[in-house]
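To start, the structure itself, in structure tokens.
The values are calculated or read from the model by the stated rules, or taken from the named source; none is laboratory data. This one's a predicted model, so the numbers in the text were calculated from it and none came from an experiment. Here the Cβ is made from the backbone with ideal geometry for all residues, glycine too, and neighbour counts use every protein chain on show.
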Amino acid sequence: MLKNQQIINAHALLEFGSFRKAAHSQNISQSAFSRSISNLEKYLGVELFHRSSTGVTPTIFGEALIKHSKQILVSTKELEREIKILKGVGIGDLSLAMGPYPAELSGNRAVGRILANHPNLRCRVSVTDWFEVEKMVLGKSFDLGLAELGGAVKNRYLETEPIGVHRFVFFCRSGHPLLNKKSVTKADLDQFPLALIKLPERLASVFPGRLFRDQGFDYVIPSVEVQELTLSRQIVAESDAFSAATIIQIENELKSGTFSIIPFEADWMSLNYGFIFLRDRALSPAAIEYMEIVRQIEKKIRIRNQVMLKKYRAAPKH
């Protein structure tokens, strides 16, 4: 009978190309590991690996085994995961991928709060480009995404829940030449560097600043591309670049006089992020609790952002 551990051992042998190293990776003796591979070859009736003094390489049969057994291993892990969730063993793990804006506004704080409730919770958190979050959830490397919803709402394999629809502003350093104008147009902004993360394709025609396209991708790239929003703020503080943020993200810099809001407003100037998860994959209790914490934080953010907007911005629409 074909055993799951034998398949795992075969994958390890392919990866390391050495019985000694592969056995070490599986925390078993080399003799036990060799028997496992030999028994697998005996069961299948073929030689799976060429052995030589320089290492181990797969035969055509070994390549076929590796190719077709990958999905078996993935399915086994999924089965084990779902049974654990259904049995209610603890609250499970939290595996979370976030885009930069939701991470900074509510996602990071929510991780802290759930850890305060469950200090022994195992968490794995990644902050990356919003479009990568969708790929990570689809590939099952992360259970839950919190990012720009863009293409995720169109994907039939995904469930989405909008939670972050917040108005944002453009800002620059105090003393910037643009602030001498009573109102600013897109053409005015286009003359200056935009320091920001990659943007959804839907904003390409309306978003100010010099934008570039990578052929075949559904995003556009600003002239000063950053991975972290803190970096964009540092660049803006030291140059004539401008950037975009919700009022509450730059509240301290506005109070200190480091930044000023650019007098430009348009109807499309809103973030649009939310939860992203697989339609047919159960979420762990930890993920469900985390989502509720984020919802609570987002309610307060929405109100505070609206209050701050009224305080700081009164500019004509374009």
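Can you report the number of residues in the stretch 135-153 which are closer than 16 Å to PRO100 by Cα, at pLDDT 90 or above and small (Gly, Ala, Ser)?
Of the residues in that region, 2 qualify.
LEU79: at pLDDT below 90 and in a helix (DSSP H, G or I), yes or no?
Values: at pLDDT below 90: yes; in a helix (DSSP H, G or I): yes.
The answer is yes for LEU79.
Of all residues in the stretch 40-58, count the ones that are farther than 16 Å from GLN6 by Cβ and either loosely packed, with under 14 Cβ neighbours inside 10 Å or free of Cβ contacts under 8 Å to residues at least 40 places away in the same chain (or both).
Applying the first criterion (farther than 16 Å from GLN6 by Cβ) to the stretch 40-58 yields 50-55, 57.
Among the residues that remain, those that are also either loosely packed, with under 14 Cβ neighbours inside 10 Å or free of Cβ contacts under 8 Å to residues at least 40 places away in the same chain (or both) are: 50-55.
Going through the stretch 40-58 one residue at a time, the tally reaches 6.
Residues being without any contact (Cβ under 8 Å) to a residue 24 or more places away in the chain and within 41 Å of the chain's Cα centre (by Cα): count how many of those fall in the stretch 27-39.
Step one: of the stretch 27-39, the residues without any contact (Cβ under 8 Å) to a residue 24 or more places away in the chain are 27-32, 34-35, 38.
Subset that is within 41 Å of the chain's Cα centre (by Cα): 27-30, 32, 34.
So the count comes out to 6.
Could we say that PRO200 is touching a residue at least 24 places away in the same chain (Cβ under 8 Å) and either touching a Gly at 6+ places or on another chain (Cβ under 6 Å) or exposed (fewer than 14 other Cβ atoms within 10 Å of the Cβ) (or both) here?
Working: touching a residue at least 24 places away in the same chain (Cβ under 8 Å): yes; either touching a Gly at 6+ places or on another chain (Cβ under 6 Å) or exposed (fewer than 14 other Cβ atoms within 10 Å of the Cβ) (or both): yes.
It is true that PRO200 is touching a residue at least 24 places away in the same chain (Cβ under 8 Å) and either touching a Gly at 6+ places or on another chain (Cβ under 6 Å) or exposed (fewer than 14 other Cβ atoms within 10 Å of the Cβ) (or both).
Taking the criterion of being modelled with pLDDT of 95 or more, out of contact with any Phe, Trp or Tyr (no Cβ under 9 Å at 6 or more places or on another chain) and not small (Gly, Ala, Ser), would at least one residue in the stretch 207-224 satisfy it?
yes
If you scan the stretch 1-23, which residues turn out to be part of a helix (DSSP H, G or I), within 21 Å of GLN71 (Cα to Cα) and not β-branched (Val, Ile, Thr)? Working first, answer last.
To start, the set of residues in the stretch 1-23 that are part of a helix (DSSP H, G or I) comprises 4-16, 19-23.
Checking the rest, the ones that are also within 21 Å of GLN71 (Cα to Cα) come to 4-16, 22.
Hits for the stretch 1-23 are ASN4, GLN5, GLN6, ASN9, ALA10, HIS11, ALA12, LEU13, LEU14, GLU15, PHE16, ALA22.
When you go through SER260, SER256, SER284 one by one, which is the residue that is among the hydroxyl-bearing types (Ser, Thr, Tyr) and loosely packed, with under 13 Cβ neighbours inside 10 Å?
None of the others qualify; the one that does is SER256.
Which of the residues spanning the stretch 233-287 are polar (S, T, N, Q) and over 17 Å from ASN305 (Cβ atoms)?
To start, the set of residues in the stretch 233-287 that are polar (S, T, N, Q) comprises 234, 239, 243, 246, 249, 252, 256, 258, 260, 270, 272, 284.
GLN234, SER239, SER256, THR258, SER260, SER284 - these are the residues of the stretch 233-287 that are polar (S, T, N, Q) and over 17 Å from ASN305 (Cβ atoms).
Assess whether ILE293 counts as being in contact (Cβ under 8 Å) with a residue 60 or more places away in the chain, of a type in the set (A, V, I, L, M) and within 25 Å of LEU179 (Cβ to Cβ). So that I can check it myself, show each step before the final result.
Values: in contact (Cβ under 8 Å) with a residue 60 or more places away in the chain: yes; of a type in the set (A, V, I, L, M): yes; within 25 Å of LEU179 (Cβ to Cβ): no.
Here the answer is no, as ILE293 does not meet what is asked.
Output yes when any residue across the stretch 86-106 is assigned to a helix (DSSP H, G or I) and modelled with pLDDT under 95, and no when none is. If you could, list the steps in order and put the result at the bottom.
Here is the first cut: in the stretch 86-106, the residues assigned to a helix (DSSP H, G or I) are 86-87, 100-106.
Right, trim to modelled with pLDDT under 95 and you get 86-87.
Looking for residues that are assigned to a helix (DSSP H, G or I) and modelled with pLDDT under 95, one finds at least one in the stretch 86-106, hence yes.
Hey, which of the strands (runs of 3 or more DSSP E) in the stretch 196-249, taking only ones fully inside, have at least 3 residues that are touching a Leu at 6+ places or on another chain (Cβ under 9 Å) and not polar (S, T, N, Q)?
Working: elements: 211-213, 219-222, 243-245.
Filter on the stretch 196-249 gives 219-222.
Matching residues to (1) under 18 Å from the mean Cα position of the chain (by Cα); (2) at pLDDT 95 or above; (3) buried (at least 18 other Cβ atoms within 10 Å of the Cβ):
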| residue | (1), (2), (3) |
| --- | --- |
| GLN234 | no, yes, no |
| SER239 | no, yes, no |
| SER243 | no, yes, yes |
| ALA314 | no, no, no |
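For the stretch 145-187, which positions are β-branched (Val, Ile, Thr) and either in a strand (DSSP E or B) or free of Cβ contacts under 8 Å to residues at least 12 places away in the same chain (or both)? Give the derivation first.
Residues of the stretch 145-187 β-branched (Val, Ile, Thr): 153, 160, 163, 165, 169, 184-185.
Result: VAL153, THR160, ILE163, VAL169.
I'm trying to understand the selection: among the residues of the stretch 264-279, which are surrounded by fewer than 23 Cβ atoms within 10 Å (Cβ to Cβ), assigned to a loop (DSSP other than H, G, I, E, B) and touching a Phe, Trp or Tyr at 6+ places or on another chain (Cβ under 9 Å)?
Across the stretch 264-279, the qualifying residues are TRP268, MET269, LEU271, ARG279.
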